[in-house]
1. Filter region 266-288 down to the residues that are among the hydrophobic types (A, V, I, L, M, F, W, C) and part of a helix (DSSP H, G or I), then identify the one that is surrounded by the fewest Cβ atoms within 10 Å (Cβ to Cβ).
2. Would you be able to say whether some residue in region 136-143 is in contact with a His (Cβ under 8 Å, 6 or more places away or on another chain) and either assigned to a helix (DSSP H, G or I) or not β-branched (Val, Ile, Thr) (or both)?
3. Which count do you get for residues in region 106-120 that are under 18 Å from the mean Cα position of the chain (by Cα) and either closer than 14 Å to ILE135 by Cα or assigned to a helix (DSSP H, G or I) (or both)?
4. Condition (residue is farther than 30 Å from THR158 by Cβ and of a type in the set (Lys, Arg)) applied to region 243-263: is it met by at least one residue?
5. Could you count how many residues in region 173-208 are in contact with a strand residue (DSSP E or B) (Cβ under 7 Å, 6 or more places away or on another chain) and acidic (Asp, Glu)?
6. Among the residues of region 84-105, count how many are of a type outside the set (Ser, Thr, Tyr), in a helix (DSSP H, G or I) and farther than 15 Å from ARG125 by Cβ.
7. State which residue is nearest to ILE247 (Cα to Cα) when the search covers only region 21-44 and only residues that are in contact (Cβ under 8 Å) with a residue 24 or more places away in the chain and of a type in the set (A, V, I, L, M, F, W, C).
8. Checking the conditions here, which among LYS157, LYS83 is on the phi < 0 side of the Ramachandran plot and over 20 Å from the mean Cα position of the chain (by Cα)?
Amino acid sequence: MKNCIIPILFILSVSRLFAQSPFKNPDDFLQLNEKVPKVLLVGSFHFNYPGLDAHKASEDEKINIYAEKRQKELQELLDYLSKFKPTKIIVEAGANTGYLFKNYEHYKKGTEKLYANESSQIGMRLVERFQLDTIYGVDSPSLLYKLSSGKDSLASKTYIDKITKRHYFGGDDEINKRYSNFYHYKDKLTVSQTLLETFTYMNSDKVLDRGFGAYISGGQFTSKEMEGPDALSMFWLNRNLRIYRKIQQIGYTENDRILVLFGAGHISILKWLFECSPEFELVKFNSL
């Protein structure tokens, strides 16, 4: 109960501030009392454990999403997310999401398992539940990746080559060791708690914000020159800015309710972008 009271008191205090002259709510100028689409961000761990992230869960920290227990928990999570009543669902996938639909059709016929990834287990099931005609994939490679992958290997080395060659995130310094302990704690939660409980924790503001803190605390980010900040901005920040731009491009109306399902590491940046933009109204996961 206490956790609910604090945000409410904050909202009330801000409302009183704007109610007092000479302060005005910025949205008096920016939204003009117009209705804007609502956005729900859902950060997830990767159900199929592809092992592509810097931190990798150990075998005893993984769950089997196909297990009967987890499938029941998944229904509880879907019921919770359904309170948002999404009209559009966006997932961490490329623009061609036809393979998700094809797999789902085979799953309904009993000839294939539904993919273990969260795009299928959560995204496609919500598509069916709300009878939506598509699911949107908006993932994007970063500028740093595009510049480095398209370069002739025989060309002379540049600053881009320098910051691409080294890995500027993580490290074995004290703060990153603490983050490693935090990651393993979260991995263990996925085993010991229900899916809804895990998602509730993962999508709380403090956990999301501190998650992004890993990229800017210690490690190789604190490079002697500016290689760390440059690599971060051209890789991770840029990738999420591109994802946000793709979300803007899908087309939406003021009545749309857009559910965005991505790996939890993306959500802290996307949350900041949606909170800052007058084009959308961000709905917090735990407010449902």
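1. So the first thing to find is which residues in region 266-288 are among the hydrophobic types (A, V, I, L, M, F, W, C), and the list is 267, 269-270, 272-274, 276, 280, 282-283, 285, 288.
Subset that is part of a helix (DSSP H, G or I): 267, 269-270, 272-274, 276, 285.
Working: ILE267: 25, ILE269: 21, LEU270: 21, TRP272: 16, LEU273: 19, PHE274: 21, CYS276: 10, PHE285: 21.
That would be CYS276.
2. Checking region 136-143: not a single residue is in contact with a His (Cβ under 8 Å, 6 or more places away or on another chain) and either assigned to a helix (DSSP H, G or I) or not β-branched (Val, Ile, Thr) (or both).
3. So the answer is 3.
4. Yes; the residues of region 243-263 include at least one that is farther than 30 Å from THR158 by Cβ and of a type in the set (Lys, Arg).
5. 0
6. If we filter region 84-105 for residues that are of a type outside the set (Ser, Thr, Tyr), which is where we start, we get 84-86, 88-96, 98, 100-103, 105.
Retained after the next criterion (residues that are in a helix (DSSP H, G or I)): 84, 98, 100-103, 105.
Next, only the ones that are farther than 15 Å from ARG125 by Cβ stay: 98, 102.
Matching residues across region 84-105 total 2.
7. Kept after step one, since they are in contact (Cβ under 8 Å) with a residue 24 or more places away in the chain, are these residues of region 21-44: 26-27, 30-31, 34-44.
Still in the running and of a type in the set (A, V, I, L, M, F, W, C): 30, 36, 39-42.
Numbers: LEU30: 20, VAL36: 14, VAL39: 10, LEU40: 12, LEU41: 12, VAL42: 14 Å.
The extreme case among them is VAL39.
8. Numbers: LYS83 fails: over 20 Å from the mean Cα position of the chain (by Cα).
Step by step, each of LYS157, LYS83 is checked, and only LYS157 is on the phi < 0 side of the Ramachandran plot and over 20 Å from the mean Cα position of the chain (by Cα).
The values are calculated or read from the model by the stated rules, or taken from the named source; none is laboratory data. Being a predicted model, the structure only gives us computed values, none of them experimental. Note that we place each Cβ from the backbone using ideal geometry, even for glycine, and neighbour counts take in every protein chain shown.
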